[in-house]
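Have a look at the structure below before the remarks.
Please treat every number below as a calculation from the coordinates, not as lab data. Predicted model, so just to flag it, every value in this text is computed and none were measured. Ideal geometry is used to build each Cβ from the backbone, glycine not excepted, and the neighbour counts take in all protein chains shown.
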Amino acid sequence: MSTTTEIEVVDLSLTPLRELNQRLHDLAGADGPRSWRITNPSGAHNIACGLDADIDVVVEGHAGYYCAGMNKQARVRITGTAGQGVAENMMSGRVTVDGNASQAAGATAHGGLLHVRGDASSRCGISLKGAAIVVEGSIGHMSAFMAQTGTIVVCGDAGDALGDSMYEAHIYVRGAVAGLGADCIEKELRDVHRAELGGLLAEAGVAGVDVADFKRYGSARNLYTFKIDNTY
């Protein structure tokens, strides 16, 4: 693999998005620049989707829908805000949003880390399947809906219906929760959870936050257990 330290700069006001994404896709298992800087994104949708290479990509500005969706291996940073579905279906790697993220951030993500330095809107981590999400601000309603596994850390507040119909994901919230969804309850914060929480905060680079200030939420395990009485 190429070990060049040069940064490849792509100006999206001059280069078609399809051409940029194809160049990034071509890096899978091939030589090429390992560091990329994308300028003038102007809220374009689908920037840096489907990556499968050990590369660093910085999007300088605001990104539209599904930025870094289906990411694998790559480290993607958005210096502005991100539209709907940032890091959707991410498999591995890391996606960082310096600003706020719109709804469905990290939806269905299987692995890797999504770090939002601002707030995330509604349905953050919906149907989460194993990834970790760290939000330094607050999240909106219906977050972690049907989350199957993985971890969501919220340093601010959470909106209504948190964890509705969730399975075995771990949710940690430092601030207030507007309301819990169906089958979601507050659970004991044990040493193993403090270790998990502290590790994710450290990995995300979030300092000055005490794990003792968080509460843990999870499934009461009633909805996905068959009960004969429910058939009548």
field: the stretch 1-102: radius of gyration and largest Cα-Cα distance (Dmax), Å
entry: 12.1, 35
message: For a Förster distance of 45 Å, can you work out the FRET efficiency between the beta-carbons of ASP210 and GLN73, rounded to the nearest 0.05?
response: 0.85
message: If you take every residue apart from ILE55 with its C-beta less than 15 Å away from the C-beta of ILE55, what net charge results, scoring Lys and Arg +1 and Asp and Glu -1?
response: 0
task: Mind checking the full-extension length gain between ARG37 and GLU188? Use 0.36 nm per residue of separation minus the Cα-Cα distance, one decimal, nm.
output: 50.0 nm
statement: Expected max-MSF residue from SER143, SER102, SER35 in the GNM of the chain (alpha carbon, under 10 Å) is SER35
- prompt: So which lysines pass the test for LYS72, namely a Cα distance under 16 Å, with those fewer than 8 places away in the same chain ruled out?
  reply: LYS129
message: Give the separation of the Cα centroids, the stretch 116-142 to the stretch 204-223, in Å.
response: 13
